[in-house]
Amino acid sequence: MKKLILILTLMIFIQSCEKENDDIKVHLNENWKQLNIGTDANLTKAFFIDDKTGFVASVPSIDSLNEIIHQDWTYKDLLDSPTIIRDAHKFFSYDTKIVLSKNYKPSFFKTTNAGNTWTSIATPFASQITDIFFIDENYGFVTTEYEGVFKTTDGGKVWTKVLASFIFPGNHTLVFNSDYMIRFFNKMEGFVQIKGNGGDNHMLIQTQDGGLNWNFFSNNADNSKPIIIPDRARVLPDNKTGFLINRQGKVYKTTDRGTTWNLIRQMNEFSIDASFLNEDMGYYLTTQDILKTGDGGKNWEKIQPQMPNTPDIDPDSQIFGFNTGEIITTNFYYGRIYLSKNEGVNFDLILDIGEHQLNDVCFPTHNTGFALGNHGQIYRYTKK
C-alpha cells in the first residue's frame, strides 16, 4: 500500500510539473542548438557582424531607477534650433539627473566563436541597451534607455559618451527616456533616429565624423525637410546605400551615406520590416503579405505567403532575405521562426519557443542565425 501511495504521489507530481511547463516547451529542428550565455536575465538585443562575432544585451540588474528633471524656462526663447547636449548634467538651462544603482550582473556580452563561449563586457552605464551597431569587433556604438549613446573603439574596454540628451525646437522639450535606432555606413558616417517622451518628439540626426559632431536632418518643427519617422532601417554593405521604412508604409532610400533621403514609395499596407539584398532586390513585410522588389523599391509584387500554425504576422516581426532565394521571418508574439526555400511561396516552422518568448532575432548569413528569449534563452541556427 505504501508503495502504491508513493507511485501515485510521484505520478501526480510529474503531471503537475508537465502542466506548469507546458508554456515553455521548445521545438527545435536539427539546425538549432541552445547556447549558454551565462545569465538568466531576459535577452533583448543582438547584433552580429558575421557568423562568428556578435554582441548580445540583456535587461540590466539594478535596484532602483529615479529621474530628476528640472527645466529652467528663462532661457527657452534663446533656443531657436534643435540643440544636442553631450552632457545633460552641465547644460545650464536644462538640468537632468538620472540616478541609477549599480548594475550587479553583466548585461552586455560578446562572442567571437559563434556563441560557443561568451565574454561579459563591463560598461559605464546601468540602464538598458536599446540598440547595437558595430563596424567590426572593436569599433561600435550602443544606445541606452536613459544615459545616451556610447562609442567604443577597442571592443568595449573603454566607452565614450557621444550623445546625452536633445532639445527639440518649438516646444523646447528636453528629451529623456529616448527610443534610439543607430546605423553606420562606415566608421565615420552614420545616423541616429530618436523617438522621445512617449513618441511625441521625433528626430533623425547624422554624423560624418564618427559621432564627434551631429547634424539634424529632420525633426518635428522643421518644415524644410519631410519628417522621417522610421521604424526599421537597413544599411547595405556597399558602404553608401540605406533604406528606412515607417509604420505608415513610406520607404526612403539614400545612395550617399545618408546625406539625402528620398521617398521612393508610399505603400498602402501597414509596414512591419524590410530586407534588401542589394540596391535593387528587397523584401517588404506587412501584417498580411510579403512584397518583393527588383528595381530598388519603386515597384512591388505581392507574394502572399503560406505560414503554418500562426495567425497574421505580428507587428514586431522581422524579415531576412538572401541571394539563395531563402527568406526567414518571425512571429515574436508566438515565439516562432519560419523559413522559406522558394522566395516566400511556402514557409516551414523551424523554431518554436512558446508564446511571448522571442525578443530579437539576427541572421548575419543564410547559414547562421541567433534568437533571443527570456531567462537567458539563446538559440543558434546552423544550416546543415
Can you go through E137, E147 and tell me which one is under 27 Å from F363 (Cβ atoms) and assigned to a loop (DSSP other than H, G, I, E, B)? E137
Only residues that are assigned to a loop (DSSP other than H, G, I, E, B) and among the β-branched types (V, I, T): list them for segment 289-307, please. I303
I'd like the full set of residues that are modelled with pLDDT of 75 or more, over 22 Å from T255 (Cβ atoms) and of a type in the set (S, T, N, Q), limited to segment 188-230. N213
Only one of T144, T117, T153, T173 that is more than 20 Å from the chain's Cα centre (by Cα) and modelled with pLDDT under 90: T173
Can you pull out the residues in segment 104-144 that are in contact with a strand residue (DSSP E or B) (Cβ under 7 Å, 6 or more places away or on another chain) and β-branched (V, I, T)? T111, T117, T119, I121, T123, I129, T130, I132, I135, V142, T143, T144
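Quick grid of which residues meet (1) within 14 Å of G115 (Cβ to Cβ); (2) touching a strand residue (DSSP E or B) at 6+ places or on another chain (Cβ under 8 Å); (3) not hydroxyl-bearing (S, T, Y):
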| position | (1), (2), (3) |
| --- | --- |
| Y333 | no, no, no |
| R336 | no, yes, yes |
| N342 | no, no, yes |
| D348 | no, yes, yes |
| I353 | no, yes, yes |
| P364 | yes, yes, yes |
| G369 | yes, yes, yes |
| N374 | no, yes, yes |
Of (1) buried (at least 22 other Cβ atoms within 10 Å of the Cβ); (2) over 19 Å from Q306 (Cβ atoms); (3) out of contact with any Lys or Arg (no Cβ under 8 Å at 6 or more places or on another chain), I337 fails just (2)
Exactly one of F363, F370 is of a type in the set (F, W, Y), closer than 24 Å to S61 by Cα and either surrounded by 23 or more Cβ atoms within 10 Å (Cβ to Cβ) or in contact with a helix residue (DSSP H, G or I) (Cβ under 7 Å, 6 or more places away or on another chain) (or both), and that residue is F370
Restricted to segment 120-141, and to residues that are more than 17 Å from the chain's Cα centre (by Cα) and of a type in the set (S, T, Y), which residue is nearest to K187 (Cα to Cα)? Y139
Inter-residue pairs, beta-carbon under 7 Å, first under 25 Å from M188 (Cβ atoms) and in segment 257-271, second part of a loop (DSSP other than H, G, I, E, B) and not hydrophobic (A, V, I, L, M, F, W, C), 6+ apart: R257/E189; R257/K240; G258/E189
Restricting to strands (runs of 3 or more DSSP E) lying wholly in segment 313-384: which have 1 or more residues that are over 22 Å from G294 (Cβ atoms)? 327-331, 336-340, 348-352, 360-365, 368-372, 378-382
In segment 265-278, is there at least one residue being under 18 Å from Q206 (Cα atoms) and either surrounded by fewer than 19 Cβ atoms within 10 Å (Cβ to Cβ) or touching a Ser or Thr at 6+ places or on another chain (Cβ under 6 Å) (or both)? no
Filter segment 279-316 down to the residues that are under 19 Å from V361 (Cα atoms) and modelled with pLDDT of 85 or more, then identify the one that is surrounded by the most Cβ atoms within 10 Å (Cβ to Cβ). Y284
Going through (1) touching a helix residue (DSSP H, G or I) at 6+ places or on another chain (Cβ under 9 Å); (2) farther than 22 Å from T44 by Cα; (3) among the β-branched types (V, I, T) one by one, I327 fails only at (1)
Consider I132 against the criteria (1) out of contact with any helix residue (DSSP H, G or I) (no Cβ under 9 Å at 6 or more places or on another chain); (2) modelled with pLDDT under 95; (3) assigned to a strand (DSSP E or B): it satisfies all of them except one. Which criterion is unmet? (2)
Members of segment 156-170 that are at pLDDT 70 or above and at positive phi: G156
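The values are calculated or read from the model by the stated rules, or taken from the named source; none is laboratory data. Source: prediction; values computed, not measured. For neighbour counting, all protein chains shown are included, and Cβ atoms are generated from backbone atoms with ideal geometry for every residue, glycine included.
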